[in-house]
Each structure stands twice: as structure tokens, then as C-alpha cells.
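Notes follow the structure.
The values are calculated or read from the model by the stated rules, or taken from the named source; none is laboratory data. Nothing here was measured: the structure is a model prediction, and the numbers come from that model. Note: ideal-geometry Cβ built from the backbone for every residue, glycine included; neighbour counts use all protein chains shown. Heads up: the accessible areas ignore ligands, DNA and RNA and are worked out on the full protein's heavy atoms, side chains in. Shrake-Rupley method; radii C 1.70, N 1.55, O 1.52, S 1.80 Å.
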Amino acid sequence: MIRAIALLLLLWSTAAPALTVGSKRFAESHVLAEIAAQLLEREGFAVERAHGLGGSLIAWEALGAGDIDLYPAYTGTLARAVLKAPSLSGAALRERLAAEGFELLPGLGFDNSYAIAVAARLAEAGGLERISQLAERPALRLGFSHEFLRRGDGWEALARHYGLPQRPRGLEHALAYRAVAAGELDGTDAYTTDGELSVHDLVLLEDDRGFFPRYEAALLVRADLPAPARRALARLSGRIDAATMRRLNYRVSAGGESPAAVAAAFLAAEGLAAESAAGAPPTLLRRVFARTLEHLRLTGIALAAGCLVAIPGALLLAGRPLAARVFLYATGLVQTIPALALLALLIPLLGLGLGTAIGALFLYSLLPVARNTLSGLLSIDPVLLEVADGIGLTRRQRLLRVQLPLAAPAVLAGVKTAAVVSVGTATLAAFVGAGAAA
């Protein structure tokens, strides 16, 4: 058993690491990340996904920590919100990113700037066409995404630039358009390539004083990204114009298609991926099979590590009641921590990735295995141990030939319990360890 566990860990440690593609928490970023991920997969790379990372700073930190290898970024966001250097652009921006250990690949072909969107009925009734006109209407009800309210190039800077008196409320970007369409808000922040603008009958106000900079879309990658992967991704340069991006966004937001399906269709239409059996987008059955293997891999590695620690630990502590109680109390304390809370505690220590997922599953597997091993050892009839000593067995022989065989049913029951707990917990851990690719 120990040899099998060791072989499993050896195979895991020698396996080629997968490239992890990240995205932020909105449809366009998700679609662009899927396009990059599927293109890499069709070039033969193993790819994991980390979708929905949140705001720009979270994605930037994940890239710097090595938790992801690339994500779709925007030049204006990198310069203003991340690097705090609004004047950076072009070659200067790329040089600064190179100094940070990153590379901004050539642009994808479109500019997605921030804009202020208002309901079409309001714009038509009041002649509202420009952002500067908002200063004359302090009673307008504005609501912006939390990221736009926090950004250095967001609401506060915009309000100073235009002298705007409104006090907007914060809400999730996905809810803002619906709130404007329903008449609960008058305006919100938007992206110029949003597919939902026409769905909710919104119009963009002219940035008549030139506040918003250009936000050229491009893939931001780590400098150590393999050269073949970089060359494959460079094939996307200039392939997506603003009209195309709006159509892709519309298919997700209004058409109800998944970002993965939209990305696959785009790659096929552009001739970037042949629709062959080997290169076709994964079917539902293939995705379920892949996720199941990923689930079992997380569980198997964590359970093997738990057994390697808990069983020898229980054997060493079997003759030391006080130390055994302390060990069981410590492992039992871990069991009282909810799975999401434990994952949240481990992320700052281990980062976003497989280490966090396996670490949480490993900690949860310790108690059942250790408790049952100790129970099995302590339930052995003392007379049998005296007989073993009487016939001259050494301590090692007594352990291997008497104690472990007799305690084996209890030990295996503990392993089974730990496996059940790990399988259930891995449902949550997979979102962290497997890149949130649900």
C-alpha cells in the first residue's frame, strides 16, 4: 500500500504542470479567457481555468504569485488602476510590465473603454447626451459597480473631472443594467463592448471632456510562459474588433450560451481550430469525465498524504495516552472549521491552486484515520500481546504480525470515512484547486 501511495505521489510530482488561464468576473473576460484556453488546448497544452477571480487587482496578484499564467487585461486598467501611472501607454507600459515579470501580448483588436450608460427613455426625454450634462442634474439616481467606485480611474476621479454632485450607490455590475431598465436607477457604468446595452435599451453618454483613456484588450502573461504557448496566443492579435466582441458578449448575456461554446464557435469561424474529433470543443460527457478525474485526483492525493501521516502517527502515539489525546484534539478541532472557511484560511498561506485544495482535504482526512487506528490498536486483547512477548517476538515483529493485522479492519474503516469526507469536501476544494472550472 505504501509503495502504491509513493508511486501516486511520484507520478503527480513528475507530471507536466498545466497552464492556468484566469479571468475576471464579467462575461467578456470569461469569453476571452476561454478563447485563449481552448486555443492552447488545441495546440496540445494542458490547461486549467481560474474564472471569476474578481477585480483587476486580484487577477494581478494571482498572476504575480504564479497562481495563474495569463488573463485578459486592458491597457488603461493596467496603467491607472494597477500600476498607478496614468500616463503610461504603448512601449512604456510594456517596459514597465516587463520589469514586473510580465509580458503584454499584442492587442486583440478592440478597445473597451468605460462609459456612463443611462436609460434610453431618460436620454430622449431630457436631451441627455453628454457626461458633462450630469452636473446639471444632481437628483439623478446613479449606481456603479463596486470596482468602478474603488478604481483610481473610476467614479471619484470622474466626478472631480466633470464636477458631478451625485452620490452613487454600489452594486454588482450584473445587476446594474437590470436596475436601470427597471427604473430603479437612472444610470450606471458600462463597457463600450457590452452586449447587454441593446438588450436593456441603454445608451452611452459622450465623454465630451476626454476623461476615459483607451482600454486596449490584450492578454497579460507571465514572462516565463513557454515560448510555444506565447506564439500560439499571438495568433489572436488583431482578430477581435469591437463589433465582434459585442456580438460575442451578446450571445452570452442575451442568448444564454456558455462562454465556452461562444469561444469554440469563434475559434472555428476564424480558422484557428479545426473542428476535428481531436480538436472539437469538449462535449458535456467529456467535461464531466475530466472533472471527475480531477475530483478523484484531488481526493486521492490528499487521502494518501493523510494516511502517510495519520497511521504512523497513531502507531507512535499508541503507548502515550496524553500525546494521543492532544493529537486527536488538534485534528478534531480542524473538523469543526467549515470547508469554505478552511479554504479561505489556507489561500493566504498556499495561494490559489492545487496546494490549497489538497491541504484542506489532507487536514480533514487526519482525524478519521488517526482515531480509528488508535481505537483498533487499543482494542486488541492484552493477553494476545503478552503471548506475542512470551514467544519472543520483537517489538517490530509484534507490530507487523499481531497489532496491525488485528487493527486493520478499524484502520480501513477510518480510511473509508476519510475518503467519504474528502469526496464531499472536494466539491468545494475543486473550485480553488482546479481553477474554478465548474
**Asked** For the chain, what is the accessible area per residue in Å² when the probe is 1.4 Å?
**Response** 47 Å²
**Net lengthening on full extension, R209/L385 (0.36 nm per residue, minus Cα-Cα)** = 54.5 nm
**Request:** Quick one: pull the percent of accessible area on the chain belonging to carbon and sulfur, 1.4 Å probe, ligands and nucleic acids left out.
**Result:** 61 percent
**Item:** Relative intensity, log₁₀ I(q)/I(0), of the chain from a Debye sum that treats every alpha carbon as a point, q = 0.06, 0.09 Å⁻¹
**Value:** -0.37, -0.70
**Message:** I need to check one value: relative contact order of the chain, counting alpha carbon pairs closer than 8 Å and at least 6 residues apart, in percent.
**Reply:** 19 percent
**Under the Karplus curve 6.51 cos²θ - 1.76 cosθ + 1.60, θ = phi - 60°, whole-Hz ³J(HN,Hα) for region 114-125, x wherever Gly or Pro sits** = 5, 8, 10, 10, 10, 4, 4, 5, 5, 5, 6, 6
**Item:** Kirkwood Rh and Cα Rg combined as Rg over Rh, evaluated for region 364-431
**Value:** 1.19
**Prompt:** What FRET efficiency, computed as 1/(1 + (r/R0)^6) with R0 = 30 Å and r the Cβ-Cβ distance, is obtained for L57 and A265, rounded to the nearest 0.05?
**Reply:** 0.40
**Complete:** extent check for region 124-243: Cα max minus min per principal axis, descending, whole Å, gives 55, 30, 25
**Fill in**
Per residue convex hull volume, Cα only, region 180-260, in Å³ is 148 Å³
**Complete:** Taking N as the residue count of region 104-163, its alpha carbon Rg divided by 2.2 N^0.38 Å gives 1.37
**Request:** For region 332-337, just list the computed ³J(HN,Hα) in residue order, Karplus coefficients 6.51, -1.76 and 1.60, θ = phi - 60°, integers in Hz, with x standing in for Gly and Pro.
**Result:** x, 5, 4, 5, 7, 7
**Simple spin-label estimate for A135 and Q397 in nanometres, 7 Å along Cα-Cβ** = 9.6 nm
